[in-house]
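Below: one structure, written as C-alpha cells.
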Amino acid sequence: MGLKSNLHNLKEKYKGTKMAPAFNAIHTFLYLPNETTHNGTHIKAADDLKRTMNIVIMALVPCLIFGIFNAGYQHYLALGEIEAANGFLGSSFWTMDNLIVGLWQVLPLVVVSYGVGLAVEFVFAVIKGHEVEEGYLVTGMLVPLIVPVDTPLWMLAVAVVFGVVIGKEVFGGTGMNILNPALTIRAFLFFAYPTWMSGDKVWVHGAKARDEAIAVAKEAGSSLEGLDAISGETILGSLAQNKGLLDHSVMDMFYGIIPGSVGETSTLLILLAGLFLIFTKIGSWRIMLSSAIGALVMGLIFNGVISSGLITESSKFYGLMSTEFWHHLLIGGFAFGTVFMATDPVTASQTNKGKWIYGFLVGFISIMIRVFNPAYPEGVMLAILLMNVFAPTIDHYVVQGNVKRRLKRLKVKTA
Amino acid sequence: MSKDIKIKKGLDIKLVGEAEKTVEQAIISNFCTIRPEDFHSVIPKLVAKEGATLKAGDVIFYDKSNEDIKFVSPVSGTVVEVQRGPKRRIDAIKIQADKEQSFKDFGAFNMDSDTAAVKAHLLTSGCWPFIKQRPYDVIANPEKSPKAIFISGYASAPLAADLDFVLSGKEAELQATVSVLSKLTEGQVHIGIGSNNSPLAGMNDAVIHKVFGPHPAGNVGTHINKIDPVNKGETVWTINAQDLVVIGELLLTGKFNPERVVALAGSSVKKPRYFKTRIGSEVATMVYDNGVEKDGNDRIISGNVLSGKQLKPDGSLGFYDNVITVIPEGNDYELFGWNKPIFNKVSTSRAFTFSWLNPKKKYDLNTNTNGEHRAFVVTGSYEQVFPLDIYPMQILKACMYQDLDEMEALGMYEVAPEDFALTEFICVSKQPHQDIIRKGLDLMLKEIG
C-alpha cells in the first residue's frame, strides 16, 4: 500500500506541472490509473490502448528471440564453424554460442530503438503537455526486427529520431500519423544509407567487417590467409540475380533459418503471431488474409507470364518471376510486413470494406515491386508505405457508398 | 405491414444487481426537484416564483424559444427554492410537496378531437416534453408534423427496468395515448416489443414490430434506422413507453399524475427491486433503505449505466428516467492493471481478457475508466456493436472537427447520443462518444436548425 499512496501523493503534487506527463507515463505502467467516468457511460470495457499495444508486443517476442538465435547461427554458419541446422529444432541452431552472439548484436538495437524513440516521445509529451501515448511501444519493438543485424547504432538512432518526429509527431502524435512510423524509419535507413541496407554483405553479422578486413589486407599486401569473404546473401537477393534459391530448402524458408533482417525470417513464428493477433481480435484478419491473396494473385500472374514464354531465362526478371507463386509468402519480409505493419490500425484503411481493398493491394504491389525493383529486391516496405498514403482515399470511396445510399433514400422519397 | 427487427451487432452487458420483480411504494418524498438540464436546449422562463403554491399540473416554467411548451409541476406544494448557476441560469426548482396531493383538472379528453386539439391539450397539460424528436434528440417541435412516431417497448440496456413488468395493467392508458398520438403523424406509430407478453403487443392504431438481438436492439434509434430512417428535412418523434401511461391518465382522468414504477438496480444495492414514485422525487427515499451504504463509495445514476446521469446523494429522479442504478466507484489504482489477465471485467476483445469464456456470467463493474484518454487508434471494433447503417468512427470524427456537411452526409439526422453508448463503452481510446455526438447535434441545431 505504501508505494501506491506515495505515488498517488507525488502525482497530486506535480499535477499540472510540465513534467507531469513524464511522471504519469511511468506511473501508469505500474498502476492502472484511478480515473473514473463522468457522464456518458458510467462503466467501461476492460481494454485500453496499453493492453492493445502489449498484445502486439507479446506477439513480436517469439520473433525477437528467434531472430537473436538466428543472428548467431547465420554468423557461425557463414564462418563455417557449425553444420547447417536440420529443421526448426536443429541442434546447431538453439545453442548458447548463437544466443551470445545474437544477444550481443540484437539487444543494443532494441535498447537504442526504445531509448531514443521513447526519449523523443517524452520530450514531445512534455512540450505539448499531453500524455505519453503508447504507439511507440510497438514501433520500438518492430524497428530492431526489420533492420540488418549489423546496422550501426548511431544510424539507427538518427533514423528513429527522423521517423518519430517526421513520421508521427508532426502530424500530432499517435493516432494521427499517415505513414507507419516503423516503416518510415526503415525507409529512411534504406534511402540514406543504402550500402548498409542492401547487398549481400549486410545480412550476416561479421560479413561487412570481414570484407573491410580483406580490403585492408589487400591494400597492405599482406597475406589473405584465414580471411575468406563471408557471403550472406538473402534468397531474394539471389533470386533477383537469377541465381536460384541458393541451397535453402522450402522448409528452411518456412522455419526462418535463412539470412535476412533480424526478426522477419521465420514465417512459422509470424504465422503463429498472426493467428494470435486474430484470435485476440487485435489484428485485422481482413488485412492479413486479403494481403496474402493479393500476393498470391500477383505471383500467379508472373508464373503465368513465364509459362507463356513471354520472358526468357536471359531476362533479369526471370529469377523472381519464375519463383513459385506461394514461395513469395515465405521469403523476404512479406509475412512480417503483412502481419505486423500492414495491420497498423492508424495507417491502414479504417473501414472493413476498405481493409479488403487495402490488404489486397498491399500484397499485390509488394510482389510487383519485389520483381521489378532492380535496386532492392524487397517490395513490402514500399508497398505498405504506398498504400498507407492511399488508405484514406480508399476509405473515402467506401464511406461515399454509405453517403450515396442515404442520398438515394431521400431521392426515392421525394420523387 | 409489421416487420420484425433482427440485429446481430451489439453487446449485452450483464451486470449484477438486476431488480427483483416486486413493486414497493417508495417513501413519499418531501421535496420534488425539477432540473431544466433534463430538457436539452430548453431555456426556461420561470412562471412559479419562490413561495408560489402549486397544484400538480400547474405551470412552473415554459420554453423561452417556444412559449407553447410548458413544464408543469409533478406535485402539489410550494416552491421553496430556485437554485441558480452562473449568469443566473436556473439549475433546479425545488418544490416542497403537500401532505395531501391536489391536482389541477384538465378534464377528460374527447378522443375524437382533431390534431390541433390534441396538440393544444398535450401542450397546456405539460405532457408535451415527453415527446422528443429526431433529428437532434430534443423536445419535439409542435409546429412540425412527424413522418412517424416510434415507441420502444423493449429495454435492452444493462439493468434496465423491464417494461413488460412495469407497464402491465396499464393497457387502457397506453391505448388511449397511442390512439391520440396516431393523430399527430401522417405516417404511423411504430412500437417495438421484446416479447408477445408486452402490454403493448395488442395496441390498435399502431404497427407492432418484434425485436430480436443484443442491446441496442431496444433502443428506439435502432428501430428508426431499421424501419424508416430519418432523411434530411424529415422528422420523427419518439416517446418513452412509461410516459405513455402518464399521458394516458391525463387523457382519461384529466389529472397530470407523473407516477412511475422505477427499478432500483446495481451491484451496490442489497435489495434491488421496483418502486412506485414520482418524477423529481429524491432518490434518497429509495436508495438508502435498500442496502446502499450512506457513506459508501458509490455512484448513483438516474438512468442506466450507459447513458444515465450521475446524481449527488441528494439528487432526484430525472424527468425521462425509470431506473436508478447504484454501482461502486472505481477511483482506485490497480497494480499492473494494463497487462495482467482480466477475468472480472467485460471486454469484446480476447486480449487476455476472458469475458468471452463465459458469456452468461454477470459482472460487478465499477466506474473506473480502465485506462486513459487517447486519440482514436483502433479501428473496426465499434462496427461490431453498432447496428445502424452509419460509420461510427467517421461520424464521431466529423463531429470533432465540426464539418457540418460531412456530419449531415454521414447520417447525423438519424442519431442520438444514446446510440453511441456501446461504442463508448468498448472504446479502447476512452473517448466520450456520447458527449461528442451531443455537441455535434447542438452545433447542427444552432447552424442549421
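What follows draws every value from the coordinates through simple rules; no lab data is involved. Not measured: the values here are computed from a predicted model. FYI the Cβ positions are ideal-geometry reconstructions off the backbone, even for glycines, and counts take in every protein chain you see.
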Original post:
When the Cα centres of segment B:259-289 and segment B:155-184 are compared, how far apart do they sit, in Å?
Top reply: 20
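Count neighbours as other Cβ atoms within 10 Å of each site's Cβ, and list the GluC sites (Glu not before Pro) in segment B:22-71 that are DSSP loop with at most 15 such neighbours. Write out the running numbers ahead of the final one.
Working: sites: B:Glu24, B:Glu37, B:Glu50, B:Glu67; in loops: B:Glu50.
Loop-located and lightly packed - B:Glu50.
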**OP:** Work from the charge dipole of the protein assembly as shown (Cβ charges, +1 for Lys and Arg, -1 for Asp and Glu, about the Cα centre) and give the residue of A:Phe69, B:Ala157, B:Val283 farthest towards its positive end.
**Re:** B:Val283
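Which helices, counted as full DSSP H runs in chain B, have an axial Cα extent of no less than 18 Å and a Kyte-Doolittle average of 1.0 or above? Each step should come with its number before you reach the end.
On the way: long enough: B:241-253 (19 Å, 1.41); B:433-447 (21 Å, -0.51).
For chain B, where a helix must reach 18 Å along its axis and average at least 1.0, the hits are B:241-253.
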Original post:
Looking only at A:Ala125, A:Ala217, A:Ala391, which one moves most when chain A is put into a Gaussian network model with springs between Cα atoms under 10 Å?
Top reply: A:Ala217
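Step through the table entries B:Lys276/B:Lys439; B:Lys144/B:Lys312; A:Lys281/A:Lys355; A:Lys50/A:Lys355, compare each Cα-Cα distance with 26 Å, and write down the pairs that go over it. Let's see the in-between values first.
Details: B:Lys276/B:Lys439 34 Å; B:Lys144/B:Lys312 37 Å; A:Lys281/A:Lys355 15 Å; A:Lys50/A:Lys355 24 Å.
The answer is B:Lys276/B:Lys439; B:Lys144/B:Lys312.
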**OP:** Just list whichever of B:Lys70/B:Lys132; B:Lys119/B:Lys446; A:Lys243/A:Lys316 have alpha carbons separated by over 18 Å in the model shown.
**Re:** B:Lys119/B:Lys446
Subject >> Cβ-derived FRET efficiency at R0 30 Å, B:Lys45 paired with B:Ser145, nearest 0.05 >> reply: 0.70
Original post:
Could you give the nm distance between label points at B:Asn197 and B:Met400, where each point is 7 Å from its Cα heading toward the beta carbon?
Top reply: 4.4
Subject >> Between segment A:105-174 and segment B:387-449, the Cα center-to-center distance that results, in Å >> reply: 34
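For the residues A:Trp285, B:Trp356, what sequence is obtained by ranking on other C-beta atoms within 10 Å, fewest first? Numbers along the way, then the final one.
Values: A:Trp285 17, B:Trp356 12.
Ascending number of Cβ neighbours within 10 Å: B:Trp356, A:Trp285.
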**OP:** Show which lysines lie in cross-link reach of B:Lys6 when reach means a straight Cα distance below 19 angstrom and same-chain residues fewer than eight apart are skipped.
**Re:** B:Lys210, B:Lys226
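Are there any chymotrypsin sites (Phe, Trp or Tyr not before Pro) in segment B:297-355 that are in a DSSP loop and have at most 14 other Cβ atoms within 10 Å? List them by number. Mind dumping the intermediate values first?
Details: sites: B:Phe319, B:Tyr320, B:Tyr333, B:Phe336, B:Trp338, B:Phe343, B:Phe352, B:Phe354; in loops: B:Phe319, B:Tyr320, B:Tyr333, B:Phe336, B:Trp338, B:Phe343, B:Phe352, B:Phe354.
Filter output for segment B:297-355: B:Phe336, B:Phe343.
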**OP:** Calculate the spin-label point distance for A:Leu153 paired with A:Leu410, positioning each point 7 Å from the Cα along the beta-carbon direction, and give it in nanometres.
**Re:** 6.1
Original post:
Helix hunt in chain A: which complete DSSP H runs extend at least 24 Å axially by C-alpha with mean Kyte-Doolittle at least -1.0?
Top reply: A:49-79, A:96-128, A:285-307, A:352-372, A:380-414
Subject >> Virtual spin-label span in nm between A:Ala192 and B:Lys276, 7 Å along Cα→Cβ >> reply: 7.7
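How large is the charge dipole for segment B:353-449, taken about the Cα centre, if only the Cβ atoms of Lys, Arg (+1) and Asp, Glu (-1) carry charge, to the nearest 20 debye?
On the way: 9 positive and 15 negative charges, 127 e Å.
Here the size comes out at about 600 debye.
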**OP:** Compare the Cα positions of B:Asn297, B:Leu335, B:Tyr320 along the charge dipole of segment B:266-350 (+1 at Cβ of Lys, Arg; -1 at Cβ of Asp, Glu; about the Cα centre) and return the one farthest towards the positive end.
**Re:** B:Tyr320
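Which FRET efficiency, nearest 0.05, do A:Phe171 and B:Glu37 yield, Cβ-Cβ r, R0 41 Å?
0.60
Near A:Leu156, within a Cβ-to-Cβ distance under 13 Å, what is the net charge of the other residues, with Lys and Arg +1 and Asp and Glu -1? Display every interim value, and only then the final one.
Working: positive: A:Arg186; negative: A:Asp150.
Taking every other residue near A:Leu156 into account, the sum is 0.
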Original post:
In debye to the nearest 20, how big a dipole does the protein assembly as shown give about its Cα centre with +1 on each Lys and Arg Cβ and -1 on each Asp and Glu Cβ?
Top reply: 1520
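Which order results if A:Thr195, A:Thr265, A:Thr280 are arranged by neighbouring Cβ count within 10 Å, fewest first? Don't skip to the answer; put the middle values down first.
On the way: A:Thr195 9, A:Thr265 33, A:Thr280 20.
Going from sparsest to densest Cβ surroundings: A:Thr195, A:Thr280, A:Thr265.
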**OP:** Using Cα positions and a limit of under 22 Å, work out the lysines in reach of B:Lys362, with same-chain residues fewer than 8 apart set aside.
**Re:** A:Lys44, B:Lys8, B:Lys9, B:Lys14, B:Lys21, B:Lys270, B:Lys271, B:Lys340, B:Lys345
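May I ask you to sort B:His373, A:His248, B:His190, A:His38 by Cβ crowding, counting other Cβ atoms within 10 Å and putting the fewest first? Show your work: numbers first, answer last.
Numbers: B:His373 15, A:His248 18, B:His190 25, A:His38 12.
If I rank by nearby Cβ atoms, fewest first, I get A:His38, B:His373, A:His248, B:His190.
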Subject >> Distance-filtered residues of segment A:145-185 - backbone nitrogen under 12 Å, label point 7 angstrom along A:Val389 Cα→Cβ >> reply: A:179
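Treating only the Cβ atoms of Lys and Arg (+1) and Asp and Glu (-1) as charged, compute the dipole magnitude of segment A:49-393 about its Cα centre; round to the nearest 20 debye.
Details: 16 positive and 23 negative charges, 243 e Å.
Rounded to the nearest 20 debye, it is 1160 debye.
Tell me the mean residue ellipticity at 222 nm calculated for chain A from its helices only (DSSP H runs of n ≥ 4, each -39500 (n - 2.57), averaged over every residue, nearest 500).
-20000 deg cm²/dmol
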Original post:
Which whole-angstrom value gives the distance between the alpha carbon centres of segment A:345-364 and segment A:295-335?
Top reply: 24
